[in-house]
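Every read-out reported here was derived from the displayed coordinates using simple, explicitly stated rules and does not represent laboratory data. Please read all numbers here as calculations on a predicted model, not as lab measurements. Because the Cβ atoms are built from the backbone with ideal geometry, glycine has one as well, and the counts that use them run over all protein chains shown.
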Amino acid sequence: MWLLVAVTPGDPCVRNSSQTLAKFVRLQVVSRVGQRKRRSQRAALKKNDDKLPQVGIIFLVDSRLLIETTPTADGERYGDYINHARGHDVFWAELQSQAQAPPDEDYMSAPRGRVVFCSRTGQYSLFLDRCILRRPDLVREIKLRMNLPERTQTSADAHYRCPICLSRNSF
């Protein structure tokens, strides 16, 4: 890479034009190395984001888990909790627009859940509809896809009950 440097004769900072050019070029190279290093660090962090635990929301539609996540560090604070900012209703509308969810069904008709993080205790909690909770394979998949630690608390929640669970009066 070629660099063009203009040196004004008589500049009080310049004693020798070739010395200044050498210093300038050296600084540019150091700066470029620093930029590359910062870029690679950012890329590594982004890659590691895939391995960090996530908060988010979950739907079960036609035996498929549809999950939207946020790295915990980027989640929305609510008291001691860190939560995924978007709600199930917004995510459901997006899924419907992408033909991944039935267009004529309300989001409350599908089994769903949420993962939150308590910053006070350092504990992740996975709240699920019983239709999901009854299936250990799905719970494992959620934990795997969201990089949740083994000690994540998993439980049913009165807020996440589909019509099937409501009809069974299960909680």
- Consider R114 carefully, then state whether it is in a loop (DSSP other than H, G, I, E, B) and in contact (Cβ under 8 Å) with a residue 24 or more places away in the chain. no
- Test set (1) basic (K, R); (2) within 23 Å of the chain's Cα centre (by Cα); (3) farther than 18 Å from Y81 by Cα - R151 fails condition number: (3)
- Query: Among the residues of the range 97-118, is any surrounded by fewer than 18 Cβ atoms within 10 Å (Cβ to Cβ), among the hydroxyl-bearing types (S, T, Y) and farther than 27 Å from I164 by Cα?
  - Reply: no
- Failed item in (1) in contact (Cβ under 8 Å) with a residue 40 or more places away in the chain; (2) out of contact with any Gly (no Cβ under 6 Å at 6 or more places or on another chain), with L128 passing the rest: (2)
- Note on the structure: When the range 130-151 is checked residue by residue, the ones that are outside any helix (DSSP H, G or I) and either surrounded by 18 or more Cβ atoms within 10 Å (Cβ to Cβ) or aromatic (F, W, Y) (or both) are M146, L148
- Message: I need the full set of residues from the range 131-151 which are more than 14 Å from I164 (Cβ to Cβ) and either in contact with a His (Cβ under 7 Å, 6 or more places away or on another chain) or in contact (Cβ under 8 Å) with a residue 24 or more places away in the chain (or both), in order please.
- Response: L138, E141, I142, R145, M146, N147, L148, P149, R151
- Counted residues in the range 155-169 being crowded, with 17+ Cβ neighbours inside 10 Å, touching a strand residue (DSSP E or B) at 6+ places or on another chain (Cβ under 8 Å) and not hydrophobic (A, V, I, L, M, F, W, C) come to 2
